[in-house]
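> I am attaching a structure below and will ask some questions about it afterwards.
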Amino acid sequence: MIDSRTAPYGLFLLRLVLGLLFFAHAGLKIFVFTPAGFAHFFGMLGFPAWFAYLTIVWEIAGGAALVLGVWPRLAALAATPILLGAIAMVHGAAGFFFTNPNGGWEFPALWVVGLVAFALSGDGAFALVPTPFPQQARPGLAQRHA
């Protein structure tokens, strides 16, 4: 059973952490690997270098949308391909555990599940611009919680 009184705050916490993780990962690419170094790495993977810059911008925009609550459910879904690509192109071959050399797929997969679970659950409390999904009334819900 979902506690409808506290669930929005739990979703807010999840949304905030998921967004901050994207800021942290963009920061890693900007301040540690450097954008040029990250672009070189993307080139080694067979992607055009500009795709690395797009990824950094995508992480910052997705993180901001999640933290601020701007269409957060759509932002979560839009950010998911970044992590699926990281699993497919980098972390998948390193095995499951993220402590493996080159980092396994354990952490990015958990992050994907968190994003999808959030997107399925709702915007959470304090969303500045709620996601414009149509809200469906569920018959009998009010009677069960009254």
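The values are calculated or read from the model by the stated rules, or taken from the named source; none is laboratory data. This is a predicted model, so every value here is computed, not measured. Backbone-built Cβ (ideal geometry, glycine too); neighbour counts: all protein chains shown.
> Out of the residues in the stretch 17-55 that are of a type in the set (Val, Ile, Thr) and within 26 Å of Phe118 (Cβ to Cβ), state the one that is surrounded by the most Cβ atoms within 10 Å (Cβ to Cβ).
Selected residue: Thr55.
> Out of curiosity, is Gly10 in a loop (DSSP other than H, G, I, E, B), surrounded by 13 or more Cβ atoms within 10 Å (Cβ to Cβ) and among the small types (Gly, Ala, Ser)?
no
Listed here are the residues, each with its yes/no results for (1) at pLDDT 95 or above; (2) farther than 20 Å from Gly10 by Cα; (3) surrounded by 15 or more Cβ atoms within 10 Å (Cβ to Cβ).
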| position | (1), (2), (3) |
| --- | --- |
| Val57 | yes, yes, no |
| Ala61 | yes, yes, yes |
| Ala86 | no, yes, yes |
| Asn100 | no, yes, no |
| Trp111 | yes, no, yes |
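> Might you check whether a residue that is within 30 Å of Pro132 (Cβ to Cβ) and touching a residue at least 40 places away in the same chain (Cβ under 8 Å) occurs anywhere in the stretch 33-56?
No, that holds for no residue.
> Let me spell it out: the conditions are (1) out of contact with any Phe, Trp or Tyr (no Cβ under 6 Å at 6 or more places or on another chain); (2) of a type in the set (A, V, I, L, M); (3) farther than 23 Å from Gly37 by Cβ, and Val90 meets all of them except one. Which number is the exception?
So the condition that Val90 fails would be (3).
> When you scan the stretch 96-134, how many residues do you find that are part of a loop (DSSP other than H, G, I, E, B) and of a type in the set (Gly, Ala, Ser)?
The number of residues fulfilling the criteria is 6.
> Taking the residues in the stretch 46-55 that are over 30 Å from Phe12 (Cβ atoms), of a type outside the set (Ser, Thr, Tyr) and outside any loop (DSSP other than H, G, I, E, B) as candidates, determine which candidate is farthest from the chain's Cα centre (by Cα).
So the residue we want is Trp50.
> Collect the residues in the stretch 1-32 that are without any contact (Cβ under 8 Å) to a residue 40 or more places away in the chain, closer than 15 Å to Ile82 by Cβ and not aliphatic (A, V, I, L, M), keeping them in residue-number order.
Across the stretch 1-32, the qualifying residues are His25, Gly27, Lys29.
> Name the one entry in Gly62, Gly37, Gly43, Gly85 that is assigned to a helix (DSSP H, G or I) and closer than 21 Å to Ala127 by Cα.
Testing whether each residue is assigned to a helix (DSSP H, G or I) and closer than 21 Å to Ala127 by Cα leaves just Gly62.
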